[in-house]
Every structure is written in C-alpha cells, then in structure tokens.
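Undergrad: I have a structure here, written as structure tokens, and I will follow up with some questions on it.
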Amino acid sequence: MSKVKVGFVGVGGIAGVHLENVSKNSDAVIVAVCDIVEESAKQKGLQYNAAAYTDLDAMLEKETLDAVFVCVPPFAHDEIEEKIAQRGIHLLVEKPLGLDLETVQRKGKVIENSGVICGVGYCLRYLDTVAKAKDYLKDKKIAMVRGHYITSFVPTPWYREMSKSGGQLVEQSTHTLDLMRYLAGEIDNVYANMSLQVLSDIPNIDIPDVTSVNLTFTSGAVGHLDSSFTQCDHRSGIEILGKDFRVVIDGTNLTIVDKDSSITYKSKVDFYQEQDRRFIEAVIKGDPDLVLSDYEDGAKTLAATLASNKSNEVGLPIKLSSLAKDKITL
C-alpha cells in the first residue's frame, strides 16, 4: 500500500492531536476533513492541505479514503461509523462511543460485518509503562484495584449536560476505568454514588461533580474509582494490590513494589502518537491485533460507565452480565 489516505470527521478538540500526529507520519497523508462548523473545516483543510467538507456523505462520495478518524462529541455519532465501515474504510473512533449502549452494540455489528479495522481512542493502553505493568501482572492474582481521575472543570458547553456528555465518568474518567479493565480483567458489578455538590453555580450544569464507583471483577477482585472535577490541578492513576505486591500507575509513570524491591519506570513515549502510529500500521499490514482497543472492547468500557450512571439513578448495584438478559435500559 502507498501512503494511507486519511480523512477526519470532527476537527475540534482532541482531533487537533490526531491531525498533528497523522501529518507527521511518513506512511499517511490527510486528504480530507469534515466538520459541521464550516469555518473550522476550512481552517484545518488549509492547515493540512486537505479538502474541506461540512457533509460526511459528500466527503465519502468524492474522496478515496483508506481510514477515517471519528472525533465527534458523545451525542453526535449518529450513523457516522456505519456509513464509513460499509464503504470498507478503516476507523479510529474517539471515546466514548456514544451514550446509548444498544445503539453502540448495533454499530458494532455493522463494523464487525464490514471486516474493517476499528480502533477506539483508549490511548493509555499504548503507554510503555502500561505494557510493562500488564506483563508483570500476567501471572499474578489481583485482590484490589483502586483508581482515581481528579481534575478541573471542562468549559466546553456540551460537557456539563448529561444528555450530551454522559457526565465525567462516561466522558473523561472512562480512561481510568478502561485501564482498570485492561490490567485487571472484566468488570462484573458496579455500584455508584454521584452528586453535584459544589459547582451548581455553573450555568446549565446537570452532571455530578463528584463520583464514587465500587466495582467487582469477574476474577473476584474488588475495587473502586473516584472521580471529580472540583480541583484546580489534574491527577489520575490506578493502584493494583495483590499478595506482597503493588503496581501503581501515577499519570504515565509506573512503580512496582514487592517484598524485595521498589522500582519506578518513567514513560518514554507519547501515548497519543503511539496509538495513531499503530493504527496506521494496522491499516497498512491489515493486522487488527496492532490495535489495543477495538470497537467491541470500547463498548465494554462504555457499558461499565453507563451502568454506573444507572446504578446511581436507581440506588442499586448493576450486574453487567445481566444487561442484555434483563433488558436494563442504560
């Protein structure tokens, strides 16, 4: 294959990082960008010497594309993924995949049937330190997983509305929860408490500013995730405990503590860049295994976050394995 011809749907926010990464990748070329804000599409088109569109159907009809990055807000996915996949074009979709699990699962079937490679933007999986942690844990029995995502408020208007973002857990802390899944295995049960405690003076806000989720894993391990945007700084990470060992990911750094030693490893990679590089490589080689989070996997993380929202709403634990069987609406 010659250079991978890449298109973008949505050019705001995180798309800027992907655009920059792809533009620097010698195996790829950005040929088209699409955004409902015409000025934004034109500006990015000029910046990256790409055709600019405000209509996805027009872009797909007129351009020859090998891959598309989908970087739209949670509420705006519509039928974007289906239209791209049905044309045999590979996808990298930013998290979260949507706000309705049934719709996301239906999209997943379309993507699977199309045979295209589809990555999901759980970028922390691509850290060299996370790879080292995963290797260390492969033969370990995990007892407890402790996660946190503590940061400041995001001023983006749609972020503060539950119907558009799903709240902080779905939109942001999903990265930490996904890392918990990636390193400790599947989540069996969630029980969440959430509240809008101190930031209710923000106009139009209806999402909680503090969240605590208790989790059980299918392995029997237990854990919790704390999330808040009440702070002026940013901290995130997880701690995994087992008999006589502790694995701590603090930001991007890793510390492994056991009876004999305590070793800290500092990350040497740009995880966004590594994610995008591996996706382009996967497209070139036709090798989906190079992608560390596919659409089906991304949907599992989404299910856990949406189930947590539901748990808080109904005041009861939610068992993830019973979602489809019991027709629980998330």
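The values are calculated or read from the model by the stated rules, or taken from the named source; none is laboratory data. Everything numeric in this text was worked out from a predicted model, so none of it was measured. Ideal geometry is used to build each Cβ from the backbone, glycine not excepted, and the neighbour counts take in all protein chains shown. Heads up: the accessible areas ignore ligands, DNA and RNA and are worked out on the full protein's heavy atoms, side chains in. Shrake-Rupley method; radii C 1.70, N 1.55, O 1.52, S 1.80 Å.
Undergrad: Can you go through VAL170, VAL120 and tell me which one is modelled with pLDDT of 95 or more, in contact with a Pro (Cβ under 8 Å, 6 or more places away or on another chain), under 20 Å from THR301 (Cβ atoms) and not polar (S, T, N, Q)?
TA: Of VAL170, VAL120, the one residue that is modelled with pLDDT of 95 or more, in contact with a Pro (Cβ under 8 Å, 6 or more places away or on another chain), under 20 Å from THR301 (Cβ atoms) and not polar (S, T, N, Q) is VAL170.
Undergrad: Then there's this: Scan VAL72, VAL110, VAL154 and give me the residue that is more than 16 Å from ILE249 (Cβ to Cβ), open to solvent by 10 Å² or more (accessible area, probe 1.4 Å), among the hydrophobic types (A, V, I, L, M, F, W, C) and free of Cβ contacts under 8 Å to residues at least 40 places away in the same chain.
TA: Testing whether each residue is more than 16 Å from ILE249 (Cβ to Cβ), open to solvent by 10 Å² or more (accessible area, probe 1.4 Å), among the hydrophobic types (A, V, I, L, M, F, W, C) and free of Cβ contacts under 8 Å to residues at least 40 places away in the same chain leaves just VAL110.
Undergrad: Can you go through SER227, SER212, SER200 and tell me which one is without any contact (Cβ under 8 Å) to a residue 40 or more places away in the chain and part of a strand (DSSP E or B)?
TA: None of the others qualify; the one that does is SER212.
Undergrad: On the basis of being in contact with a Cys (Cβ under 8 Å, 6 or more places away or on another chain), buried (at least 16 other Cβ atoms within 10 Å of the Cβ) and either modelled with pLDDT of 95 or more or assigned to a strand (DSSP E or B) (or both), does LEU60 make the cut?
TA: In short, no.
Undergrad: Continuing with this model, one more query. Restricting to the range 201-213, give me the number of residues that are open to solvent by less than 80 Å² (accessible area, probe 1.4 Å) and over 16 Å from LEU316 (Cβ atoms).
TA: The qualifying residues number 7.
Undergrad: Suppose we filter the range 276-299 for residues that are among the acidic types (Asp, Glu), more than 16 Å from GLU94 (Cβ to Cβ) and not in a helix (DSSP H, G or I); how many remain?
TA: Number of matching residues: 1.
Undergrad: If a residue has to be within 16 Å of the chain's Cα centre (by Cα) and in a helix (DSSP H, G or I) to count, how many in the range 109-163 make the cut?
TA: Total meeting the criteria: 6.
Undergrad: What tally of residues in the range 27-50 results from selecting those that are surrounded by fewer than 20 Cβ atoms within 10 Å (Cβ to Cβ) and under 11 Å from GLY7 (Cβ atoms)?
TA: 1
Undergrad: Related question: Pairs needed: first member in the range 269-283, closer than 20 Å to GLY13 by Cα and open to solvent by less than 60 Å² (accessible area, probe 1.4 Å); second member anywhere, outside any helix (DSSP H, G or I) and among the small types (Gly, Ala, Ser); C-beta distance under 8 Å; at least 6 residues apart or different chains.
TA: Hits for this filter: GLN275/GLY119; GLN275/GLY121; PHE279/ALA67; PHE279/GLY119.
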